[in-house]
1. Among A:PHE170, A:PHE143, A:PHE176, which is the only one that is buried (at least 16 other Cβ atoms within 10 Å of the Cβ), within 20 Å of A:CYS81 (Cβ to Cβ) and at pLDDT below 85?
2. Starting from the range B:101-122, keep only residues that are not assigned by TED's automatic domain parsing to the domain that holds B:GLU33, then list their pairs with residues that are assigned to a loop (DSSP other than H, G, I, E, B) and surrounded by 13 or more Cβ atoms within 10 Å (Cβ to Cβ) whose Cβ atoms are within a distance under 6 Å, requiring at least 6 positions of separation or different chains.
3. Name the single residue, out of those in the range B:27-36 being of a type in the set (A, V, I, L, M) and touching a Phe, Trp or Tyr at 6+ places or on another chain (Cβ under 8 Å), that is farthest from the other protein chains (Cβ to nearest Cβ).
4. How many residues does the range A:1-57 hold that are out of contact with any strand residue (DSSP E or B) (no Cβ under 8 Å at 6 or more places or on another chain), over 19 Å from A:ILE234 (Cα atoms) and among the polar types (S, T, N, Q)?
5. Taking only the range B:23-81 into account, find how many residues are of a type in the set (Asp, Glu) and more than 21 Å from A:ARG48 (Cα to Cα).
6. Here's a check for you: in the range B:39-77, which residue that is surrounded by fewer than 16 Cβ atoms within 10 Å (Cβ to Cβ) and within 12 Å of chain A (Cβ to nearest Cβ) is nearest to B:ALA102 (Cα to Cα)?
7. Within the range A:82-105, count every residue that is of a type in the set (A, V, I, L, M, F, W, C), closer than 15 Å to A:ARG249 by Cα and either assigned to a helix (DSSP H, G or I) or free of Cβ contacts under 8 Å to residues at least 40 places away in the same chain (or both).
8. Mind checking which residues of the range A:146-167 are surrounded by 13 or more Cβ atoms within 10 Å (Cβ to Cβ) and within 14 Å of another protein chain (Cβ to nearest Cβ)?
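The values are calculated or read from the model by the stated rules, or taken from the named source; none is laboratory data. Bear in mind the structure is a predicted one, so any value in this text is a computation, not a measurement. Quick reminder, even Gly has a Cβ in these numbers, built from the backbone with ideal geometry, and neighbours come from all protein chains shown.
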Amino acid sequence: MPSLDDLKKRITSVKSTQKITKAMKMVATAKLRKAQENAEKGRPYSERMNNIILNLSGGVSDKENSSKLLVGTGKDDTHLCVVLTADRGLCGGFNTNIIKKAKSHFEDLKKQGKNLKIITVGMKGYDQLKRNYSNQIIEKITFKESKNINYFDADKVGKIVLEKFEKEEFDVCHIFYNQFKNVMTQIPQKQQIIPLQKEENADTPEKDNLNYEFEPDEDEILNNLLPKNISTQIFKAMLENSASEQGSRMTAMDNATRNAGELVDKLSIEYNRSRQAAITKELIEIISGAESL
Amino acid sequence: MSEEFKVEIVNPEKSFFSSENVTEVIVPAFEGEMGILKDHISIISFLKPGIIKIFSKNVEEKFYVDDGIVEFKDNNLSVLTSSIFNLKDFDKSVIDKNLSDAEKSLENPDLDDQKKFLIEQKIESLRSISTS
């Protein structure tokens with residue numbers, strides 16, 4: 001049975017934790033709105049980019065000579081995985097979900113006997129992966145210093161990926177991130193960016209590109225465009241990720257605040273009971289003492 | 001019959017500029033400047049560093065771009081670019097910094113011809129902005 005003082009201390013400590021989680025929730029809510037806005041604003045760019053590439057790649061005449069970014073190196077030996085996570089914790093299952101998805105992919109690759117290389121973006125991903133995969137992590141990147149997500153950062157990651165691709169360090173590249181669906185749900189995603197995967201439900205009909213005039217020509221534009229698309233896709237993933245992170249944190253902190261409230265209630269009842277018990281005990285002692293006289 | 005069409009400039013972060021009624025747009029396409037009027041044939045091209053000029057009835061807007069893709073279709077012109085500045089708020093110090101960066105990168109010996117050409121273009125257009 002804890003003493004009254006102990007209970008009092010516990011109540012205060014839970015209350016101050018509750019204050020912190022409440023504040024974090026409110027900060028996350030404010031940031032979420034901004035992140036969501038950014039994610040929405042960023043969508044047209046990547047969508048249009050995708051459309052143009054779809055139009056173009058349909059019309060590529062010479063499959064043999066077209067960019068390796070589109071058709072692949074012809075091999076499938078070394079896989080590069082870019083795992084995008086948050087720099088901060090306390091956001092529920094956000095980081096764990098991405099890592100889980102990535103790890104299951106890693107295991108699949110291992111079973112198939114492929115080589116694996118990992119680039120982690122964000123501190124938390126590195127922390128969680130370094131235990132099991134420290135040999136495979138070839139690069140860790142963090143943007144802890146930059147406050148907002150900007151294209152410049154994404155471009156840096158994109159350039160690193162491209163550079164390694166040009167040196168033929170890998171054949172296939174996947175990125176892992178959380179897609180923001182709504183505040184409650186974020187879906188961990190695996191997306192292949194090299195070689196570019198065409199979506200099956202491409203609703204732009206093939207003959208569409210017949211109407212286009214290209215300057216200089218399809219192949220050249222495509223070669224110019226594909227490297228940019230890598231950065232764009234990474235940027236899109238980062239935007240989705242940041243919205244997801246804030247959403248996830250908001251829900252997690254909301255739960256934490258509620259749990260802390262419940263705990264305070266329970267502790268208060270216990271505190272009051274033991275206080276009352278102490279008073280009753282003292283009274284009994286006084287009364288029985290008086291009776292014995 | 002109006003001679004106006006729609007233009008939208010998008011960068012990765014947001015829709016940078018959009019207008020429903022422009023009469024002419026001049027873009028620095030890779031193979032030379034290209035003026036686009038209404039009912040131009042559908043075209044896709046990419047940009048070299050230079051200035052996009054957008055004319056509407058009574059205003060003229062100028063933007064500096066580093067690179068990008070331009071697509072014209074059904075009287076919709078979209079420009080996708082990762083680096084764009086409105087000339088109005090293009091600061092002198094920013095220009096100078098870009099210029100010196102570009103000059104520095106030109107010294108890199110293992111540039112291929114295309115990259116070299118692009119950087120030279122960049123320097124040229126930046127210079128013309130900073131002197132004007």
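1. Checking each option against the conditions leaves just A:PHE143.
2. That search, which allows pairs on different chains as well, returns B:LEU118/B:LYS48; B:GLN121/B:LYS48; B:GLN121/B:PRO49; B:LYS122/B:PRO49.
3. B:ILE36
4. Qualifying residue count for the region: 9.
5. 5
6. B:ASN76
7. So the answer is 2.
8. Passing the criteria: A:ILE149, A:ASN150, A:TYR151, A:PHE152, A:ASP153, A:ALA154, A:ASP155, A:LYS156, A:VAL157, A:GLY158, A:LYS159, A:LEU162.
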